[in-house]
1. Quote to one decimal, in nm, the extra length available between Arg91 and Ile30 on full extension: 0.36 nm per residue of separation minus the C-alpha distance between them.
2. Might you report the magnitude of the Cβ-based charge dipole of the range 9-99 about its Cα centre, with Lys and Arg at +1 and Asp and Glu at -1, to the nearest 20 debye?
3. Sorted from fewest to most neighbouring beta carbons within 10 Å, what does the list Thr23, Thr3, Thr47 look like?
4. Excluding same-chain residues fewer than 8 positions from Lys25, which aspartates and glutamates have a Cα within less than 16 Å of its Cα?
5. Go through Ser54, Phe100, Pro9 and say which Cα lies farthest out towards the positive end of the charge dipole of the chain; charges sit on Cβ, +1 for Lys and Arg, -1 for Asp and Glu.
Amino acid sequence: MLTVQIQNPFIEQRVKKDFKGDTQKLINEIVDFLKNKEKNERALAKTYERGDLSTGEIAEKLGIHKEDVLELLNKYDVYYADYDLEEEKERIKNFEKKFFKNPKV
């Protein structure tokens, strides 16, 4: 059994007002929120897997850092590559300029 003690006056006030002191209703709301959060995370991870979203877009939608998105993808066994095609093209161009006399610019 898990026991939660709320020691924040603001939260205590909200529980009294919004849930009329019904702690079970509050617990049910928290459980529903967490279930929905997990469903959303899983759906976004699968959308990324299909190539329809970037890690940056997922981070924005969930309000988390891009690095946290990589952990989320790992959680749902979604392979990811932190790769930016434009950055890679720029690296190749710079490499060619540095090491070749007639680069393919």
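Taken together, the values in this text are just the output of simple stated rules run on the coordinates, not laboratory data. Everything numeric in this text was worked out from a predicted model, so none of it was measured. Reconstructed Cβ throughout: ideal geometry from the backbone, glycine too, with neighbour counts over all protein chains shown.
1. Result for the pair: 17.2 nm of gain on full extension.
2. Using only the charged Cβ atoms, the result is roughly 340 debye.
3. With the sparsest Cβ surroundings first, the list reads Thr3, Thr23, Thr47.
4. Within the straight-line cut-off, Lys25 pairs with Glu12.
5. Of Ser54, Phe100, Pro9, it is Phe100.
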